[in-house]
Amino acid sequence: MTRQMKTLNIALISGVLVLGACTNPNIEAAQKLDIRGSDARSEAAREYRRLAYFEDKVMWDKASAIAFSEKALAAADGRMTTETALDQTSDQPTPAEIADAYQALNRMMAAGADRVAPKATGQAMARLDCWKEQAREGDQPLDIGFCKDGFQNFAAETAATLQAAGKPVPSQITALKSFSVTFPLGSSMPSTGAQAVLDAAAAYARSGQHMRIVLGGHADKSGTASRNRDLSEARAERVAAMLRARGVSAGQISTIGFGETYPRIMTPDGQRSSENRRVEIVIGPDRVL
């Protein structure tokens, strides 16, 4: 090897070492974030920070580490948005499957997903950005699978909780089946006729593997907001017990009380409504991590 070639090789190696040793202020700032909230933005910030650390320390991918760090800082600062104008004319257009996923997540966000299911929504957003990043790089199928599967599972959980609140969900997220039972005024015992609905719901839950049930309890506006929240939670717990009695595993069931927040029919404050006194039973694939 000539002296000139040795000199060139030493220069190249030195350049690589210097580049690898370089730090970025955004990466450092993201890793120092003290994230304590339980809202969707805090959850997304935590996942972006974890992704940035992985890209920086494990994959040695500074560009991705910086991108995720910037997202972590923005989310921690309350600035969390999903992509709305994906560039499909660039040299690396966003795959149609991912573009559709952004569209579906935007629709769920518009329906209030970040309020109804903050943890799952925050994770879904971060995992979707991760999926896009890894898909564009295209050389790490395991990483692509981690991000894609994570998004799909958290998006399914978000959709199920949204539907349990009585909100519409995008059909492309997951196949969800819903049942509903109503309640007499002031009661946590379902109305006459609920037995057949619960039989059908339990049979469906037992019909496939890895099925998850979200029970969303609701109340009308005939009582105080605090009383209606307690009543909605009691209704969801009652339905959970009735499903367990029908052979559904307790580990499959999640309950949430929405109070009078998400009525099926809009009514003035204080008005009774039998359709709003209900539990929404939403059944779909379990989230597997």
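The values are calculated or read from the model by the stated rules, or taken from the named source; none is laboratory data. Everything quoted here is computed from the prediction, not taken from an experiment. Neighbour counts run over all protein chains shown; Cβ positions are idealised from the backbone, glycine included.
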**Q.** Leading residue by the ranking (farthest from E260 (Cα to Cα)) among those in the range 198-217 that are more than 24 Å from the chain's Cα centre (by Cα) and either not assigned by TED's automatic domain parsing to the domain that holds G247 or not in a helix (DSSP H, G or I) (or both)
**A.** S207
Q) Could we say that P190 is assigned to a loop (DSSP other than H, G, I, E, B), under 15 Å from the mean Cα position of the chain (by Cα) and either outside the structural domain of Y262 (by TED's automatic domain parsing) or at pLDDT 90 or above (or both) here? A) no
**Q.** Selection count where residues are in a loop (DSSP other than H, G, I, E, B) and either farther than 15 Å from D286 by Cβ or out of contact with any strand residue (DSSP E or B) (no Cβ under 6 Å at 6 or more places or on another chain) (or both), scope the range 152-178
**A.** 10
Q: Return the only residue of L289, L215, L243 being at pLDDT 95 or above and over 19 Å from G112 (Cβ atoms).
A: L243
Q. Would it be correct to say that A74 is surrounded by 15 or more Cβ atoms within 10 Å (Cβ to Cβ) and either at pLDDT 70 or above or outside any helix (DSSP H, G or I) (or both)?
A. yes
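Being assigned to a loop (DSSP other than H, G, I, E, B), surrounded by 14 or more Cβ atoms within 10 Å (Cβ to Cβ) and either of a type in the set (D, E, K, R) or on the phi < 0 side of the Ramachandran plot (or both) is the filter here, so list the residues in the range 230-270 that pass it.
R246, V248, F258, E260, T261, Y262, P263, R264, T267
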Q. Which of (1) among the charged types (D, E, K, R); (2) out of contact with any strand residue (DSSP E or B) (no Cβ under 9 Å at 6 or more places or on another chain); (3) assigned to a loop (DSSP other than H, G, I, E, B) is the odd one out, the single condition R227 does not satisfy?
A. (3)
Q. Quick one: which of A30, A44 is more than 16 Å from K119 (Cβ to Cβ), surrounded by 19 or more Cβ atoms within 10 Å (Cβ to Cβ) and either of a type in the set (A, V, I, L, M, F, W, C) or touching a helix residue (DSSP H, G or I) at 6+ places or on another chain (Cβ under 6 Å) (or both)?
A. A30
Q) List the pairs whose first member sits in the range 164-193 and is farther than 21 Å from I98 by Cα, whose second member is among the acidic types (D, E), and whose Cβ atoms are under 7 Å apart, counting only residues at least 6 apart or on separate chains? A) A164/E280; G166/E280; S178/E280; S180/E280; T182/E275
(Q) Please pick out the residue among M59, M80, M125, M108 that is surrounded by fewer than 17 Cβ atoms within 10 Å (Cβ to Cβ) and either modelled with pLDDT under 85 or not assigned by TED's automatic domain parsing to the domain that holds P263 (or both). (A) M59
**Q.** Residue within the range 105-123 that is β-branched (V, I, T) and assigned to a helix (DSSP H, G or I) present
**A.** yes
Q: Take M80 and decide whether it is assigned to a loop (DSSP other than H, G, I, E, B) and within 20 Å of the chain's Cα centre (by Cα).
A: yes
Q: Working only within the range 193-212, note down all residues that are at pLDDT 95 or above and polar (S, T, N, Q).
A: Q195
